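A.B. asks: Okay, handing you the structure first.
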Amino acid sequence: MSYREQKKFLEELRKQEFRMSPKDGDVFKMFVKRDKDEEEFDTVSFAKLKELYDKYITNRPKPTAEELFRKFTGNK
């Protein structure tokens, strides 16, 4: 749990705020207000932020150039 990770999670979640449920949106807004006060989150708050991050941010594996080439040429 570091301030840098906290900033990263908040920036990524800001891009997904429109997808959040009203309850999650309220929790996220609370985190943003606390961040504006430059407050470092405690372990419980950081765990909730990480939970939101895991729920709304999906890390899909990026296809390699070889896979893309096969896809566009039709070769399997």
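The values are calculated or read from the model by the stated rules, or taken from the named source; none is laboratory data. Just so we're clear, the structure is a prediction, and the values are computed from it rather than from any experiment. Neighbour counts run over all protein chains shown; Cβ positions are idealised from the backbone, glycine included.
A.B. asks: Taking only region 53-76 into account, find how many residues are β-branched (Val, Ile, Thr) and touching a residue at least 24 places away in the same chain (Cβ under 8 Å). Working first, answer last.
C.D. replies: The first filter runs over region 53-76 and keeps only residues β-branched (Val, Ile, Thr), leaving 57-58, 64, 73.
From the residues that got through so far, the ones that are touching a residue at least 24 places away in the same chain (Cβ under 8 Å) too are 57.
Residues that pass the stated criteria total 1.
A.B. asks: Then there is this: If you go through region 12-25 one residue at a time, do you hit one that is of a type in the set (Phe, Trp, Tyr) and either more than 21 Å from residue 59 (Cβ to Cβ) or crowded, with 16+ Cβ neighbours inside 10 Å (or both)? Break it down stepwise before answering.
C.D. replies: To start, the set of residues in region 12-25 that are of a type in the set (Phe, Trp, Tyr) comprises 18.
Pick out the ones that are also either more than 21 Å from residue 59 (Cβ to Cβ) or crowded, with 16+ Cβ neighbours inside 10 Å (or both) and you get none.
Looking through region 12-25, none of the residues is of a type in the set (Phe, Trp, Tyr) and either more than 21 Å from residue 59 (Cβ to Cβ) or crowded, with 16+ Cβ neighbours inside 10 Å (or both).
A.B. asks: Here's another thing I want to ask about it. Filter region 53-69 down to the residues that are part of a helix (DSSP H, G or I) and modelled with pLDDT of 80 or more, then identify the one that is farthest from residue 20 (Cα to Cα).
C.D. replies: 66
A.B. asks: Does residue 50 meet the test of being touching a residue at least 40 places away in the same chain (Cβ under 8 Å), of a type outside the set (Ser, Thr, Tyr) and part of a helix (DSSP H, G or I)? Working first, answer last.
C.D. replies: Values: touching a residue at least 40 places away in the same chain (Cβ under 8 Å): yes; of a type outside the set (Ser, Thr, Tyr): yes; part of a helix (DSSP H, G or I): yes.
Considered against the rule, which asks whether it is touching a residue at least 40 places away in the same chain (Cβ under 8 Å), of a type outside the set (Ser, Thr, Tyr) and part of a helix (DSSP H, G or I), residue 50 comes out as yes.
A.B. asks: Here's something else I'd like to know. Quick one: is residue 39 surrounded by 11 or more Cβ atoms within 10 Å (Cβ to Cβ), under 17 Å from the mean Cα position of the chain (by Cα) and free of Cβ contacts under 8 Å to residues at least 12 places away in the same chain?
C.D. replies: Numbers: surrounded by 11 or more Cβ atoms within 10 Å (Cβ to Cβ): yes; under 17 Å from the mean Cα position of the chain (by Cα): no; free of Cβ contacts under 8 Å to residues at least 12 places away in the same chain: yes.
For residue 39, the condition - surrounded by 11 or more Cβ atoms within 10 Å (Cβ to Cβ), under 17 Å from the mean Cα position of the chain (by Cα) and free of Cβ contacts under 8 Å to residues at least 12 places away in the same chain - is not met.
A.B. asks: Just the residues that are of a type in the set (S, T, N, Q) and under 24 Å from residue 4 (Cβ atoms), please, taken from region 15-68. Give the derivation first.
C.D. replies: So in region 15-68, the residues of a type in the set (S, T, N, Q) come out as 16, 21, 43, 45, 58-59, 64.
Hits for region 15-68 are 16, 43, 45, 58, 59.
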